[in-house]
Amino acid sequence: MEEGVLGEILQGPLRSLFSSTQLISDVSGSGNNWAVGHHTYGMTYREQIVDEVRKAAEHCDCLQCFFLIHSMGGGTGSGLGTFVLKLLEEEFPEVYRIVTSVYPTTEDDVITSPYNSILAMKELTEHADCVLPVDNQSLVEIVGKINHMSGMGKPGCVIKKDTTIISGHGGAVKNEKPFDAMNNIVANLLLNITSSSRFEGSLNMDLNEIAMNLVPFPRLHYLVSSLTPLYALADVSVPPRRLDQMFSDAFSKEHQLIRADPKHNLYLACALMLRGNVQVSDLRRNIERLKPSLPFAAWNQEGWKTSLCSVPPVGHTHSLLALANNTCVRSTFSELRERFVKLYRRKAHLHHYLSVGGMELAGFSEAFSSISNLIEDYSHLESPQMPNAPRLTIAT
């Protein structure tokens, strides 16, 4: 919402991607307060947001879904972001809503980020069709490894040209900002997930097929993403990853965009989105090779969705994006709930929220119950009696 931030975007290298007529701003942000973003700014700019979205939608030949990208720790991303999500459900109920949510680290400098995140989680669970959680700490660790490879690893290692998009020209920039490399990883995630909509392929996947195939229960729509090649962005001395190794990397802990190990948890479904010169036979062979090491739900052993896009990312011969509906997200949510409880038990900082019109104390307890139920649902899936699960409902 801050005018200064939007001004930087309009003057930056990616300015051609945005229309100044569709940017909505205010003098300041939400002050790290979910209630301000959701209730104050949401209600103030509701009609303007609806009008701008409708104008954009009218120019679409085939509107498949809405993508929302927002942070969870601050006030505007978590508050206004989830307000827009709910608004889209009201105005375009038949259009899928896919959300990429960036979760804060435990060392986050926003003291109220646990409140903002838990309040936003309730809205995501109720109004999104798919959520791709991205953990800031995972991004920090991945970028740290990339920097190690490029600066302290093998002699002569540099950032590969024409493989990053942060400059807007397909290469790294000289005056890179602190979060550019982290943002670049998320941008590449979105580029790969939309590749079938932008390029031809022998086995394309529509965006609405993601939710249809990966979400067996409506509330359990949080998908763990991994991207490979990942570290190859950094090191010219690293040879191209063999195709089989790329498949293995996609399921390794080091390539996940949240701090979790899906191979030690239960898979409900999984999508593999490949780009480049890859044959269907290669895809099937690797799935059969990996199946024995991946614990899938007994009622969905064949829960695989695949796509093949013939155009690879710039600078690579092929790439692979894996999206998994896996119970490993439970650990991320449990950690977030613990941080929330530490503040809420003391009623610390609550007055900042309760002074905002439309915000009530019951909102906190409802948000806490929502995430607790979500964690319990994921836990129940790993129970031997899951087929009789009373809490889970079938997606329709």
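Only protein heavy atoms count here; under a 1.4 Å probe, residue 299 has an accessible surface of about 110 Å². Set the Cα radius of gyration of region 282-356 against 2.2 N^0.38 Å, with N its number of residues, and you get 1.88. Remark: region 259-379 carries a charge dipole of roughly 320 debye about the Cα centre, counting +1 on each Lys and Arg Cβ and -1 on each Asp and Glu Cβ. Volume per residue for region 257-396 equals 197 cubic angstrom (convex hull of Cα atoms).
For the cross-link pairs 122/145; 55/145; 145/291; 253/342; 145/263; 86/342, the ones whose C-alpha atoms lie over 32 Å apart are 122/145; 55/145.
If R₀ is 35 angstrom, what is the calculated FRET efficiency for the pair residue 54 and residue 284, using the beta carbon separation as r and rounding to 0.05? Given R0 = 35 Å and the Cβ-Cβ separation, E is 0.25.
Antiparallel beta bridges, as assigned by DSSP with both residues in region 206-328, represent about 70 percent of the total such bridges. Per-residue packing, averaged as other Cβ atoms within 10 Å, sorts the ranges 314-327, 70-83 into the order 70-83, 314-327, beginning with the highest. Simple spin-label estimate for residue 200 and residue 44 gives 5.0 nm between the two label positions (7 Å along the Cα-to-Cβ direction from each Cα).
Here the spin labels are modelled as points 7 Å beyond Cα on the Cα-Cβ line, and at residue 148 and residue 95 they lie 4.4 nm apart. Roughly what % antiparallel, to the nearest 5, for the DSSP beta bridges in the chain? Roughly 40 percent of the DSSP beta bridges within the chain come out antiparallel. With the simple spin-label model, which puts each label point 7 Å out from Cα in the Cβ direction, the residue 253 to residue 190 separation comes to 3.0 nm. Each peptide in 248-254, 61-67 gets a packing score, the mean of other Cβ atoms within 10 Å over its residues, and the list from highest to lowest is 248-254, 61-67. Solvent-accessible surface of protein heavy atoms, probed at 1.4 angstrom with all chains present, puts 15, 259, 275, 345 in the order 345, 15, 259, 275, largest first. Of the whole protein surface, residue 87 contributes about 10 Å² of accessible area at a 1.4 Å probe radius.
All distinct Cα pairs of the chain go into the 1/r average, and the inverse of that average, the Kirkwood radius, is 22.1 Å. Under a 5 Å amide H cut-off, with hydrogens placed 1.01 Å from N, residue 68 pairs with 98, 99, 100 among residues at least 5 apart or on other chains. Take the Cβ atoms of residue 366 and residue 183, set R0 to 25 Å, and the FRET efficiency comes out at 0.15. Remark: the residue 64-residue 8 segment gains 17.1 nm on full extension, using 0.36 nm per residue and subtracting the alpha carbon distance.
The values are calculated or read from the model by the stated rules, or taken from the named source; none is laboratory data. Every value quoted in this text rests on a predicted model; they were computed, and no experiment measured them. Don't worry about glycine lacking a Cβ; one is built from the backbone with ideal geometry, like all the others, and counts go over all protein chains shown. What goes into the accessible areas is simple: the full protein's heavy atoms, side chains included, and nothing from ligands, DNA or RNA. Shrake-Rupley method; radii C 1.70, N 1.55, O 1.52, S 1.80 Å.
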